[in-house]
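> My questions will all concern the structure given below.
No lab work stands behind these numbers, since they all come straight from the coordinates. As the structure is a computational prediction, the values presented were derived from the model and not from experiment. When we count neighbours, we look across all protein chains shown, and the Cβ atoms used for this are built from the backbone with ideal geometry, even at glycine.
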Amino acid sequence: MKEIDFTGKVAVVTGAASGMGLMTSQELARLGAKVVMCDVNAEALRAAAATIGGAAVPCAGDVRDFAHAEAAAKAAEALGGCDILVTCAGGNEARCCKSNVPFYEQPVEVIDWGLDVNLKGAVYFARACMPQMVAKKGGRNLLSRFGYGFRRRRRRHDVRNGEVGALQFREGPCDRWRSA
Ligand SMILES: NC(=O)c1ccc[n+]([C@@H]2O[C@H](COP(=O)([O-])OP(=O)(O)OC[C@H]3O[C@@H](n4cnc5c(N)ncnc54)[C@H](O)[C@@H]3O)[C@@H](O)[C@H]2O)c1
């Protein structure tokens, strides 16, 4: 399978300061995209963006704040408009909030954190970025709780379960993308 060329494409990635968001940003930039990198950890985000260089536009903020989603969309618009949205911000609420009890004993604040960051954050970014993606008629919205791959033939969401080591965007069926 041949790698997809993202030259001229603009991506918005949340949770871009570490883990899957950072790997996704680096891979998209390597394949030619410009990347608006979003994360609540401004210091880590600066360091993460520096690993990419000129293709990265850091945009610090909290995905629970719709104004932040709008600021990211504006940054993407300045680059030509969002083509690709990848929402990686968040994680398991018990782990992230260091609340080591079973789900049925979790404080409601921890449950709220999980819903707000993982769900509301992704929905806010979709709301903010999708007008540009629809206008460009080729957008891809990757709700990246899981693994993912690209398929040229599919027009909308490409979301699949899987393990991710290092991301590789390739043409072809999703079950053929590989971790390395
Ligand atoms: N790492 C994996 O193998 C894996 C596998 C399956 C699913 N996931 C899911 O993918 C997502 C990302 O996982 P990861 O391993 O990259 O986690 P990570 O902790 O490395 O990265 C999450 C990033 O989100 C940022 N973040 C947290 N709260 C935020 C907020 N309110 N606003 C903006 N940014 C915020 C953090 O600062 C961090 O940089 C999680 O939902 C995780 O459950 C990860």
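> Are there trypsin sites (Lys or Arg not before Pro) in segment 1-78 that DSSP puts in a loop and that have at most 16 other Cβ atoms within 10 Å, and which ones?
Lys2
> If you don't mind, another one. Taking the number of other C-beta atoms within 10 Å as the exposure measure, put Ser25, Ser18 in order starting with the fewest.
Ser18, Ser25
> Sticking with this one: Once amide H atoms are placed 1.01 Å from N in the peptide plane, what residues at a sequence separation of 5 or more from Val36, or on another chain, have their amide H within under 5 Å of its amide H?
It is Ala11, Val12, Val13, Val57, by chain and number.
> Picking from Phe103, Pro58, Ala71, whose Cα lies most toward the positive end of the charge dipole for segment 58-107 (charges on Cβ: Lys, Arg +1; Asp, Glu -1)?
Value: Phe103.
> Give me a comma-separated list of calculated 3J(HN,Hα) values for segment 54-69, in order, Karplus coefficients 6.51, -1.76, 1.60 applied at θ = phi - 60°, integers in Hz, x for any Gly or Pro.
Once θ is set to phi - 60°, the couplings for segment 54-69 become x, 7, 9, 10, x, 9, 7, x, 9, 5, 7, 10, 4, 4, 5, 4 Hz.
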